[in-house]
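The structure appears below as structure tokens.
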Amino acid sequence: MADHKGSTTRRSVIIGAAAGGLAAATAQAAPQALSMADLKKEGDVACLYHCDYGDNARFAQTLNNISNHYSAYGSDPFGLQLVIIAHSVAVKYFLSTLEGTPWKDETIDPALFERVTALAKNGLKVHLCEITFQRLKLDKGKVRDVPFISFVPSGVATVAALQSKGFAYLKVG
């Protein structure tokens, strides 16, 4: 009988841990809000890509530059910390739908976000501007549900904060 109870207890612990892990994974998947104090330089080489434009070709070029940046580090892309700071019209690249936004009549090639997702496997993070969402009355629920996207209080303040913490600054175009 003790073995059966022990087995049940172990099974309950394993099932409980799995359910807890699933809940934690679900909670982490939604974009989190970072404070300015949460922003840190985590490596010797760090760079922010400032993205406040809505031109698809220019955004594609930004992704090319990020890809090239990672390729320079070869088999150790994690020795490099890259971040996209998106505000203004650039937040549209990180929405699951443009319905109900000022860009509702536009089309964005889904391959662009697929490229962002591939780059995130190397450690790319994306910070979206809360002020943009407030001013444009955008639904934060439309942001793609991926762990590498977070919200920051202000895009431009984040650009300045990261520069003061040692991040290099790049803007395409």
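If a paramagnetic tag sat 7 Å from the Cα of A72 along the Cα-Cβ line, which residues of segment 102-116 would have the backbone N under 14 Å from that point?
none
Using 7 Å Cα-to-Cβ label points, what is the R58/K137 separation (nm, one decimal)?
The two pseudo-label positions are separated by 2.6 nm.
Please identify the GluC sites (Glu not before Pro) of segment 76-173 that satisfy two criteria: DSSP loop assignment and at most 16 other Cβ atoms within 10 Å. Which are they?
Passing both the DSSP loop test and the Cβ count: E99, E106.
With each label point set 7 Å from Cα along the Cα-Cβ vector, what nm distance links D44 and K121?
Modelled inter-label distance: 2.6 nm.
Can you give me the distance in nm between label points at A157 and M36, each placed 7 Å from the Cα along the Cα-to-Cβ direction?
0.5 nm
Which links in K92/K140; K40/K92; K104/K140 stretch past 19 Å when you go from one Cα to the other?
Checking Cα-Cα distances, K40/K92 exceed 19 Å.
Counting other C-beta atoms within 10 Å, and keeping those with at most 10, which DSSP coil trypsin sites (Lys or Arg not before Pro) do you find in segment 60-168?
K104, K121, K137
For segment 32-170, compute Rg over Rh where Rg is the Cα radius of gyration and Rh is the Kirkwood radius from the inverse mean 1/r over Cα pairs.
Result for segment 32-170 is an Rg/Rh of 0.94.
Below 14 angstrom from the Cβ of S154, what's the summed charge of the other residues (Lys, Arg +1; Asp, Glu -1)?
-2
Rule-based calculations on the coordinates, nothing more; no lab input. Everything numeric in this text was worked out from a predicted model, so none of it was measured. In this analysis, Cβ positions are derived from the backbone assuming ideal geometry, glycine residues included, and neighbour counts consider all displayed protein chains.
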